[in-house]
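The values are calculated or read from the model by the stated rules, or taken from the named source; none is laboratory data. Bear in mind the structure is a predicted one, so any value in this text is a computation, not a measurement. We place every Cβ from the backbone using ideal geometry, glycine too, and count neighbours over all the protein chains shown. When the accessible area is computed, the model is the full protein with side chains, heavy atoms only, and any ligands, DNA or RNA have been set aside. Shrake-Rupley method; radii C 1.70, N 1.55, O 1.52, S 1.80 Å.
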Amino acid sequence: MRRRQRIAYLYLLPGFLVYLAFVLVPLAHTVELSFFEWDGISVGRWVGLDNYRRLLGDSTILSSFAHAGVFLVFTSVVPVMLGLVLAAALSRHRLRGLAVFRTVLFLPQVIAMVVVGVAWRWMYTDDGVVNQLLHAIGLGSVTRAWLGDFTWALPAVGLVGTWVMYGLCMVLFLAGVQKIDTSLYEVARIDGAGPIREFRHVTLPGLRQEIAVALTITTIAALRNFDLVYVTTNGGPGNATNVPAVEIYRLGFREGDVGLACAVAVVLTLLIFAVVFAITRLAREER
Amino acid sequence: MTKVLVRRTVARTARAALCTAAVALVTAACSPTPGSDNSTATAGPISTAVPSDEKITLTLTDYEAGGTGDAIVTLIKNFQALHPNVTIERQYTAFADYGKNIKLVMSSDKAPDIAQVGQAHVMMGPLVKGKLIRPLDDYAAAYGWSDRFGPGLLDQLRFEDDARSFGSGKLYGASVAGNLVGVYYNRAKLKALGVEPEAIADLTAFTDTLAKAKAAGELPIQLGNLEAWPANHLLSDLIAQYDDLDAVRNWVYGKPGASLDRPGVKQAAATLQSWVSNGYVAPSANGTAYDDGVSKFIKGEGVFMVTGNWIQARIDQEMKGAAGFMLLPPAKAGAPARATGALTSPFAVSSKSKHPDVAAAFINYMISQEASPTLFKGGYLPALNGESSTAGAGTAQEGTLEGWRKVTQADGMALYMDWATPSMGDTLFSEVQKLLGGKQSADGLIKTVQDDWNTFTAK
């Protein structure tokens, strides 16, 4: 047993070495750098926890984490809920052309995020598609240049995140639904359950694992969100859509404040770990 | 059951600890302290002669794309024709990546001999501090570079040894051209308003014209500010008119005691604010991309647009003379010409270069009258004294050429305000965006920006 186990570890070694070199070492290096004041060239200076203290006292950085929280709602919570609704609707009835629906709804996932960002940036301009639609339905009074509005820029970009992610959630859930024993649905129907009760007591429990996976993927995407914000608003107007990943980029590459950038990166990593850990724990419960 | 679990957990923890220790070891072996200290290359005797008896290969890295990139390539070819034993290999990197890489590139063992290095603290400062680029004062004296540029113009390429402030100290590069901010105007629309561009002699007359345009149902100032930097040029060009020029420059250079909290700056910010609240500036500016704003101006939306000469080629090509360029008028008519503007990103010599003489000789060639026509053809705004390039009549280029000459003769370059600290771009731009959105006052903007300045200079 022991011998076999040791050999098993030997098989893991090549993979682990690659993981060590390209993930763990850089991660440890980032943690290490977060204790230095360093401009990226000249000799760094050990400052202990100073960068973390600066982080906590910097309203711009703190607000970027708050914005990440908003993105969490738009890019994770809403898509998962939308995905569930869509999956429930699409799985209940045998639709003709289901494959077409599925493909169309999944399409945002296929497009590169930068392209998505540029396309939506155009749609959100003062004479863009969004405002044209609003005019068409008689809501001309609410039109504005959405990405330049201090109140609406963040929800506007968040909505793009929803659009990108809900298709992925739906496909995951549709696959999950197919694995639920159809006899459970039959029993529920015989017992007189309506579509909502059926969803709550059969579909939802059956999808527990898929929901955990979807939440994990979308949460990570939401919290580390860089490209979407960078392309659409670059954190503006003011700092209204600034997120930690953009802040890390600004600090590290533009402002030459590598230590503080690493500190933000470490906090972001811990935050992602914590949220994902909570999700997996929740998914495991009641099993 | 619990026992097994406990044992397993212990084993797992032990393994995890072991891994962590291994990682720590590996990392520690790399570098206990990041960065490296480069000793200054001892400045030996220099020569302005290019040796002709040996094969010499230099590398040059830059981010000039399009016409200006072609001009650099042509200059390299011409220089190689003059010195057949010299080869210059050009490494182009797009600007978006260039700033991120330049520190790494210049600290590598195979650093390019010549590198384009933006002024101030984002690129030049760290390279000076890391002693990765070579002071060029000896070559500048030997070649007589200071006589070729307008008074004080080369100061912006000087840096103090501690890299805390610049504008004085050693010279670290030379620039092939200049850039400046001014006002593009739609000729037909201005005419319809009954205003001659020459008649806009001061800012009062300019503001009156804005009011007239607004009353006539025109958009007075077109602006796309989604990227946050464009409106900053509008503000700083106003500051250049209202405030004391030396005070502005000292602030940009990081000289002790400089401050932005001055009446002239306040007046400039308040003026911009009043333009915004009167609807003179495109109301959707913060949600419109810069290029889209330019496109709108070209399509005829907007009487004026305040931005740099970098769009002049596009304006002339697409508007075919329908737009002109003038400097933002001074606060008082007849005052000397002032504008937000500077030299283009200079070329510097690596302190690791084995052939500094040849590198300097090429830079000297790039800033010679001989190279000037090639640069002008590539779209550069000539910066040399006595430069005689002429633009087609009725183009915006006429205006940029004349504007540059006026401002340099008056030693009136106000430089770029985001040069002041490494983080000033991020701080100032978002503050101006807030000012445009009605979320920040003139005083609040000045305070936030000055706080950033104080933090950096106090370090």
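Over chain A, DSSP H runs of length four or greater, each weighted -39,500 (n - 2.57), average out per residue to a 222 nm ellipticity of -21000 deg cm²/dmol.
Once both labels are positioned 7 Å from their Cα atoms along Cα-to-Cβ, the gap between residue B:270 and residue A:208 label points is 6.7 nm. In chain B, the DSSP-assigned H stretches of four residues or longer account for a calculated mean residue ellipticity at 222 nm of -14000 deg cm²/dmol, using -39500 (n - 2.57) per stretch and the full residue count as denominator. Computed over the alpha-carbon pairs of the stretch B:215-274, the distance histogram in 5 Å steps reads 4, 17, 22, 21, 16, 12, 4, 3, 1, 0 percent, short to long. In angstrom, the C-alpha Rg and Dmax of the stretch B:325-459 are 19.4, 55. Taking B:301, A:210 and ordering them by how much accessible surface each has at a 1.4 Å probe, largest first, produces B:301, A:210. Going by accessible surface with a 1.4 Å probe and the largest first, A:4, A:281, A:54 read A:4, A:281, A:54.
The heavy atoms of residue B:338 offer some 50 square angstrom of accessible surface to a 1.4 angstrom probe.
Taking the average, over residues, of other Cβ atoms within 10 Å as the packing measure, peptides A:8-17, B:252-261 rank B:252-261, A:8-17 from highest down. In this structure, residue A:136 and residue A:22 have a Cβ-Cβ separation that, at R0 = 41 Å, corresponds to a calculated FRET efficiency of about 0.20. The mean accessible area for residues of chain B, using a 1.4 Å probe and ignoring ligands and nucleic acids, is 41 Å² per residue. If the cut-off is a Cα-Cα distance under 23 Å, which lysines reach residue B:131, setting aside same-chain residues fewer than 8 apart in sequence? Cα-Cα hits under 23 Å: B:100, B:103, B:110, B:170, B:255, B:352, B:354, B:459. Using equal-weight Cα scatterers in the Debye expression, the normalised intensity of chain A in log10 at q = 0.09, 0.11, 0.12, 0.15 Å⁻¹ is -0.59, -0.84, -0.95, -1.20. The label-point distance for residue B:451 and residue B:333, in a model that sets each label 7 Å from Cα toward Cβ, rounds to 4.3 nm.
Taking a sphere under 15 Å around the Cβ of residue B:73 and counting the other residues whose Cβ falls inside, with K and R at +1 and D and E at -1, yields a net charge of -1. Of the residues B:325, B:265, B:228, the one whose Cα sits farthest towards the positive end of the charge dipole of the stretch B:219-333 is B:265 (charges of +1 on Lys and Arg Cβ, -1 on Asp and Glu Cβ, taken about the Cα centre). The mean number of Cβ atoms from other chains found within 10 Å of a Cβ in peptide A:125-137 is 2, as a whole number. In a reduced charge model with +1 at each Lys and Arg Cβ and -1 at each Asp and Glu Cβ, the stretch A:60-284 shows a dipole moment near 640 debye about its Cα centre. Counting only protein chain heavy atoms and rolling a 1.4 Å probe, the accessible areas of B:219, B:375 rank, largest first, as B:219, B:375. Partner lysines whose Cα lies under 26 Å from the Cα of residue B:434, excluding those fewer than 8 positions away in the same chain, are identified as B:214, B:266, B:296, B:447. Taking the Cα centre of the stretch A:57-128 as origin and assigning +1 to Lys and Arg Cβ atoms and -1 to Asp and Glu Cβ atoms, the resulting dipole is close to 620 debye.
Please average, across the residues of B:279-287, the number of beta carbons from any other chain that are within 10 Å of each residue's own beta carbon, and give a whole number.
Partner-chain Cβ atoms within 10 Å, mean over residues of B:279-287: 6.
Computed with a 1.4 Å probe over protein heavy atoms only, the accessible area of residue A:111 comes to about 70 Å².
Which FRET efficiency, nearest 0.05, do residue A:56 and residue B:78 yield, Cβ-Cβ r, R0 56 Å?
Efficiency, rounded to the nearest 0.05: 0.50.
Could you please report the charge total around residue A:187, scoring K, R as +1 and D, E as -1 over all other residues with beta-carbon less than 11 angstrom from its beta-carbon? Local charge sum for residue A:187: -3.
Rg/Rh, computed from the Cα trace of the stretch A:162-287 with Rh as the Kirkwood radius, has the value 1.16.
Applying 1/(1 + (r/R0)^6) with r as the Cβ-Cβ distance of residue B:95 and residue A:122 and R0 = 22 angstrom yields a FRET efficiency of 0.45.
Backbone amide hydrogens, once placed in the peptide plane, bring residue B:178 within less than 5 Å of B:344, B:381, B:383, excluding anything fewer than 5 places away on its chain. Can you list which of the GluC sites (Glu not before Pro) found in the stretch B:368-459 are DSSP loop residues with at most 13 other C-beta atoms within 10 Å? Qualifying residues, ordered by number: B:370. Annotation for residue B:441 and residue A:43: the two label points, set 7 Å from Cα along the Cα-Cβ direction, are 4.8 nm apart. Note on the protein assembly as shown: Cα Rg divided by 2.2 N^0.38 Å, N the number of residues, gives 1.10. Computed about the Cα centre, the dipole magnitude for the protein assembly as shown is approximately 3580 debye when only Lys and Arg (+1) and Asp and Glu (-1) carry charge, each at its Cβ.
The stretch between residue A:254 and residue A:12, if pulled fully straight at 0.36 nm per residue, gains 83.2 nm over its current Cα-Cα span. Peptide B:218-227 is shielded by partner chain Cβ atoms: per residue, an average of 2 of them sit within 10 Å of its Cβ.
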